[in-house]
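There's a structure below that I have some questions on.
The values are calculated or read from the model by the stated rules, or taken from the named source; none is laboratory data. The shown structure was predicted, so the numbers you read here are calculated from the model rather than taken from an experiment. Positions of Cβ are generated from backbone atoms using ideal geometry, with glycine treated the same way; all protein chains shown enter the neighbour counts.
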Amino acid sequence: MREDLLNELENEYAAQRRKNEETEAFRRNKIRNEYPGIDALVREREEMIFGTLHRILKQDAEKDAFPEKMETLNGKIRELLKENSFPEDYLAPVYRCAKCRDTGYTGELIREPCECMQKAYLKKLREKIGLAGQKTETFETFDENMIPDEINPETGFTQRQQTLFVRKQCEKWADSYPKPPVRDILLNGKSGLGKTFLMRAIANRLIEHGQQVLMISAYTFLQMARKSYYEAETGVQELMEVPVLMLDDLGAEPMMQNVTVEQIFHLLNERQNRNLSTVISTNLSLEELQKRYTERIASRLCDPKQCLVLTLDGKDLRRIER
Ligand SMILES: [Zn+2]
């Protein structure tokens with residue numbers, strides 16, 4: 001787990017526990033001040049717990065009757081609360097997660113992050129890497145039924161078959177990371193064929209495996225790169241150093257002379273020198289990539305020794321009527 005995110009989380013959990021305590025105190029006070037009948041029972045319970053502890057410490061007998069008495073008392077309190085239109089557990093300890101009681105950890109001797117903490121961590125991580133709200137786009141939720149399944153006479157197979165093939169390649173690659181057979185992936189094909197979905201599925205799988213990923217659109221990257229001319233911008237450096245970078249929608253960024261091509265080249269070059277993986281999606285064909293970014297970049301993008309080029313073809317899935 002990344003330390004900065006973990007620290008943030010632990011602070012949030014501590015704040016939540018303080019909030020819980022305030023809620024408990026507020027409720028206890030309300031009962032104390034406005035419901036003397038319930039208050040008397042609660043006091044009796046408190047004394048009983050305290051007294052029993054005392055007796056247990058002194059190894060006194062009588063503790064056997066304790067659970068029974070306690071349950072009767074609890075029952076009475078619950079009933080009275082209900083009668084006064086409070087929820088039964090109004091005076092019970094307050095927490096969001098019953099497993100860890102909002103500590104974020106379970107286990108007595110070996111502390112392990114609680115499920116709720118792991119979930120919150122992943123949520124934070126996704127926000128941080130540009131995948132916020134996209135956790136549903138995974139290989140598991142990939143729905144092949146929405147892809148047309150008629151044979152294309154030109155290719156001899158269907159759009160669904162082709163997409164499933166690409167999906168499988170992507171999943172294999174993600175599962176083989178950090179030792180993938182080829183370093184990079186280039187996903188190309190017209191818009192609406194599922195490239196971004198597959199890219200997010202790769203990112204989500206890598207995150208599940210604890211790998212470090214960042215996802216950014218080419219458009220946002222270019223904005224960041226331009227900004228870094230004028231002011232300190234550490235984000236660009238992070239993009240060059242993150243183990244896996246997902247660069248979405250290459251070709252959709254504005255083409256500015258002396259900026260776009262240079263910046264994209266610089267990014268790819270830095271990453272290749274560090275031998276770091278980059279997954280790119282683009283609407284452009286290989287010829288169009290060459291034309292737009294020069295031969296120099298295109299040959300790096302599509303080098304079969306370094307890059308798995310996966311092409312999607314067919315009808316725009318967003319426009320198919322269902
Ligand atoms: Zn928990």
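Which of the following residues is loosely packed, with under 14 Cβ neighbours inside 10 Å and farther than 20 Å from residue 178 by Cα: 287, 253?
Sole residue among the options that is loosely packed, with under 14 Cβ neighbours inside 10 Å and farther than 20 Å from residue 178 by Cα: 287.
Then there's this: Just to be sure I understand, how many residues within segment 264-284 are under 18 Å from residue 225 (Cβ atoms) and buried (at least 19 other Cβ atoms within 10 Å of the Cβ)? Explain how you work it out, then say what you get.
Residues of segment 264-284 that are under 18 Å from residue 225 (Cβ atoms), as a first pass: 264-274, 276, 278, 280, 282.
Among the residues that remain, those that are also buried (at least 19 other Cβ atoms within 10 Å of the Cβ) are: 264, 267-268, 271, 278, 280, 282.
Going through segment 264-284 one residue at a time, the tally reaches 7.
Being farther than 19 Å from residue 175 by Cβ and not in a helix (DSSP H, G or I), is that true of even one residue in segment 204-214?
Residues of segment 204-214 farther than 19 Å from residue 175 by Cβ: 214.
Cutting the leftovers down to not in a helix (DSSP H, G or I) gives us 214.
Yes, segment 204-214 has at least one match.
Take the residues in segment 95-134 that are of a type in the set (A, V, I, L, M), within 15 Å of the ligand (Cβ to nearest atom) and under 19 Å from the mean Cα position of the chain (by Cα); name whichever of them is nearest to residue 238 (Cα to Cα). Working first, answer last.
Taking segment 95-134 and keeping what is of a type in the set (A, V, I, L, M), we get 98, 109-110, 117, 120, 122, 125, 129, 131-132.
After this cut, where a residue has to be within 15 Å of the ligand (Cβ to nearest atom) as well, the list is 98, 117, 120, 122.
Adding the requirement that they be under 19 Å from the mean Cα position of the chain (by Cα) leaves 117, 120, 122.
Details: 117: 26, 120: 23, 122: 19 Å.
Applying the filter and picking the extreme gives 122.
Among the residues that make up segment 165-188, is at least one of them of a type outside the set (Phe, Trp, Tyr), touching a residue at least 60 places away in the same chain (Cβ under 8 Å) and more than 21 Å from residue 277 (Cα to Cα)?
no
Another question, if that's okay. Would you call residue 271 in a helix (DSSP H, G or I), closer than 24 Å to residue 120 by Cα and either free of Cβ contacts under 8 Å to residues at least 60 places away in the same chain or within 28 Å of the chain's Cα centre (by Cα) (or both)?
Judged against the criteria, residue 271 is not a match.
Here are the criteria: (1) touching a residue at least 12 places away in the same chain (Cβ under 8 Å); (2) within 16 Å of the ligand (Cβ to nearest atom). Tell me which single one residue 15 does not satisfy.
Answer for residue 15: the failing condition is (1).
What pairs come out if I take residues in segment 89-103 that are more than 10 Å from residue 27 (Cα to Cα) and pair them with residues that are surrounded by 14 or more Cβ atoms within 10 Å (Cβ to Cβ) and among the aromatic types (Phe, Trp, Tyr) whose C-beta lies under 7 Å away, six or more apart or interchain?
101/95; 102/13; 102/95; 103/13
Say whether the condition of being more than 16 Å from the ligand (Cβ to nearest atom), β-branched (Val, Ile, Thr) and modelled with pLDDT of 90 or more is met by at least one residue in segment 159-174.
yes
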